[in-house]
Amino acid sequence: MAPKRVIAHLDCDAFYATVELIRRPELKGKPVIVAGSGPRSVVTTASYEARKFGVGSAMPASQARRLCPTAIVIPPDFTAYREKSREVWELVRAKLDRLQSMGLDEAYADLTGVEKPLRVLRELIDDVHKRTGIQISAGVGPNRLIAKCCSDLGKPAGFVAMGREEACIRFATAPTRRLPGIGPKTAERLAELGYSTVAQLQEADESQLAARFGDRTARYLKARATFHDDSPVETEGGPAKSVSTERTFDEDVASTEELETILRTLSKELCEGLQGKSRQGRTVAIKVRLADWTTVTRARTLPDATNDTGLVTETALELLRAYAPTQPVRLLGVRLAAFDDLEPDKPPAPAAPVGQLAFSL
DNA sequence: TCTGGGGTCCTAGGACCC
DNA sequence: TCTGGGGTCCTAGGACCC
């Protein structure tokens with residue numbers, strides 16, 4: 001029989017804000033918001049003092065300033081966050097090898113088979129806090145879903161472990177939105193069917209869910225609500241499957257000429273980044289967000305993989321000209337995908353038939 | 001003073017091939 | 001002559017996550 005899995009979700013408390021506080025200890029105890037300075041920027045992280053005012057991640061910075069006018073607003077410094085992140089996870093990885101990183105401030109660890117896993121975790125988290133100044137909250141359970149929900153439960157400096165049946169009870173009254181994988185849209189659709197809480201979704205009629213969401217999603221939603229999850233902790237990271245660069249403008253841009261200039265700049269940035277990593281892709285795509293927030297993508301797959309600035313730029317420009325937005329544009333982006341280093345060893349293209357036409361009926 | 005930027009995965013339809 | 005059944009590749013949109 002397979003041993004019972006022990007999965008932990010490790011989540012750094014208010015990570016970006018904490019990195020800033022470490023550099024500027026005089027701000028300790030004050031509400032700190034990490035957000036860009038532009039008129040359309042959003043909050044990346046708010047310190048717990050700022051959260052008391054109702055400030056939260058992904059909130060427009062303008063709204064955050066209104067809620068908490070005394071907050072110190074700091075522009076994000078991703079170089080510093082990446083450096084601190086490396087420090088933190090290096091310490092964790094030295095103790096826990098089966099680790100899957102989820103961005104700069106989170107990771108899953110598989111502690112199946114580890115002796116006294118909770119004690120190991122506690123000591124590790126203490127050690128990381130002492131050595132880096134970063135506080136990790138942990139959730140532990142038989143799968144990733146429960147681990148994730150539990151790490152949220154105790155924050156900040158949380159440490160919560162439970163089994164599946166206990167999770168079913170402890171989260172029964174929570175809104176379905178609290179379950180990772182159920183976003184605002186799905187929560188809304190579930191509420192329309194009368195399923196607002198986790199308990200209600202646990203008891204939901206699966207065929208009714210299937211009629212609304214399809215078979216697969218219905219099964220998925222039921223599994224989430226009952227905290228069944230057998231997804232593994234994926235230790236191997238692997239390179240990104242797509243890479244993109246996009247920009248939201250301070251003010252919408254209507255001029256075609258200006259849009260083309262921006263697109264050239266974005267393509268150049270994208271290609272130079274990829275050239276640095278020697279990655280080449282076959283699919284060039286653009287993304288256009290209009291003034292009314294509708295988002296359009298256009299893509300073209302080329303015969304050969306490339307990261308050539310000229311070719312990517314021309315392709316992106318052709319896609320933009322063919323689409324020809326009829327409203328002012330608030331965001332423009334370029335993306336490269338279908339990387340050749342990810343193709344599962346494609347056989348070389350067969351030589352073109354010589355001296356005959358190839359038919360097969 | 002509405003709503004960033006970087007990703008992943010899923011679905012659905014059409015082209016095309018055998 | 002009145003309509004097969006995959007399979008793959010590609011595009012577009014959408015939901016979700018950090």
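The values are calculated or read from the model by the stated rules, or taken from the named source; none is laboratory data. Here the structure is a predicted model, which means the values were calculated and not measured. Here the Cβ positions follow ideal geometry from the backbone for every residue, glycine too, while neighbour counts run over all protein chains shown. SASA here: full protein model, heavy atoms, side chains in, ligands and nucleic acids out. Shrake-Rupley method; radii C 1.70, N 1.55, O 1.52, S 1.80 Å.
Any idea which of A:Val128, A:Thr283, A:Trp89 is furthest toward the positive side of the dipole for chain A, if Lys and Arg beta-carbons carry +1 and Asp and Glu beta-carbons -1?
Positive-end residue among those listed: A:Val128.
A:Val73's amide H: which non-local residues (gap 5+, or another chain) put their own amide H closer than 5 Å, with H modeled 1.01 Å from N in plane and none for Pro or chain starts?
A:Ile33
Semi-axes of the equivalent ellipsoid for the range A:181-284, please: Cα gyration tensor eigenvalues, times 5, square-rooted, ordered largest first, whole Å.
After scaling each eigenvalue by five and taking roots: 42, 22, 11 Å.
Take A:His9, A:His129 and sort them by solvent-accessible surface of the protein heavy atoms, 1.4 Å probe, largest at the top.
The ordering from most to least exposed comes out as A:His129, A:His9.
To the nearest 10 degrees, how steep is helix A:78-95 against the longest Cα principal axis of chain A, on a 0 to 90 scale?
60
Can you give the percent of C-alpha pairs in the range A:171-225 whose distance is more than 12 Å?
Summing the P(r) tail past 12 Å for the range A:171-225 gives 58 percent.
Can you work out the accessible area per residue across chain A, with the rest of the protein chains kept in place, probe 1.4 Å, in square angstrom?
I get 55 Å² per residue for this part.
Quick check on the range A:84-186: what does the Kirkwood estimate of hydrodynamic radius come out to from the alpha carbon pairs, in Å?
14.5
Under a point-charge model restricted to the Cβ atoms of Lys and Arg (+1) and Asp and Glu (-1), what is the dipole moment magnitude of chain A relative to its Cα centre, in debye to the nearest 20?
840
Taking every eigenvalue of the Cα gyration tensor of chain A, multiplying by 5 and rooting it, what semi-axes result, largest first, whole Å?
Whole-Å semi-axes of the equivalent ellipsoid: 38, 29, 25.
Under 5 Å between amide hydrogens, which residues at least 5 positions from A:Thr112 or on another chain qualify, with H placed 1.01 Å from N in the peptide plane?
A:Val6
Scan around A:Ile134 for amide H atoms under 5 Å from its own, H built in the peptide plane at 1.01 Å from N, and keep only partners 5 or more places away or cross-chain.
Counting only residues 5 or more places away or on other chains, the set is empty.
Using the Kirkwood formula on the Cα atoms of the range A:24-97, what hydrodynamic radius do you get, in angstrom to one decimal?
Across the range A:24-97, the inverse of the average 1/r is 13.3 Å.
Apply the Kirkwood formula to the range A:1-167: the hydrodynamic radius equals the inverse of the mean of 1/r over all pairs of different alpha-carbon atoms; give it in Å with one decimal.
The Cα-based Kirkwood calculation yields 16.7 Å.
To the nearest 20 debye, what charge dipole does the range A:1-167 have about its Cα centre, counting +1 at the Cβ of each Lys and Arg and -1 at the Cβ of each Asp and Glu?
Its charge dipole is roughly 240 debye.
Using DSSP loop states and a limit of at most 15 other Cβ atoms within 10 Å to flag chymotrypsin sites (Phe, Trp or Tyr not before Pro), what is the longest stretch of chain A containing no flagged site?
In short, A:1-292.
Just name one of A:Leu302, A:Ala211, A:Thr235: the one whose Cα is farthest towards the positive end of the charge dipole of chain A (beta-carbon charges, Lys/Arg +1, Asp/Glu -1).
So the residue we want is A:Ala211.
Ratio of the range A:200-258's C-alpha Rg to 2.2 N^0.38 Å, to two decimals?
Output field value: 2.02.
Got the relative contact order for the range A:171-225 handy, in percent, Cα pairs under 8 Å and 6 or more residues apart?
36
Show that you can apply the helix-only estimate: for chain A, add -39,500 (n - 2.57) for every DSSP H stretch of four or more residues, divide by all residues, and state [θ] at 222 nm to the nearest 500.
Calculated from helices alone, the mean residue ellipticity at 222 nm is -12000 deg cm²/dmol.
How many percent of the accessible area of chain A is carbon or sulfur, using a 1.4 Å probe?
Carbon and sulfur together cover 52 percent of it.
Hey, could you get me the Stokes-Einstein D for the range A:64-132, Kirkwood radius over alpha-carbon pairs, 20 °C and 1.002 mPa s, rounded to whole µm² s⁻¹?
Reported coefficient: 151 µm²/s.
Any chance you could get the radius of gyration and Dmax over the Cα atoms of the range A:261-328, in Å?
For the range A:261-328, the Cα-based Rg and Dmax read 12.5, 37 Å.
Expressed as a rounded percentage, what relative contact order does the range A:169-277 have, with Cα pairs under 8 Å and six or more residues apart?
18
Find the relative contact order for chain A and round it to a whole percent, using C-alpha pairs within less than 8 Å whose residues are 6+ positions apart.
Once divided by the residue count of chain A, the mean separation gives 14 percent.
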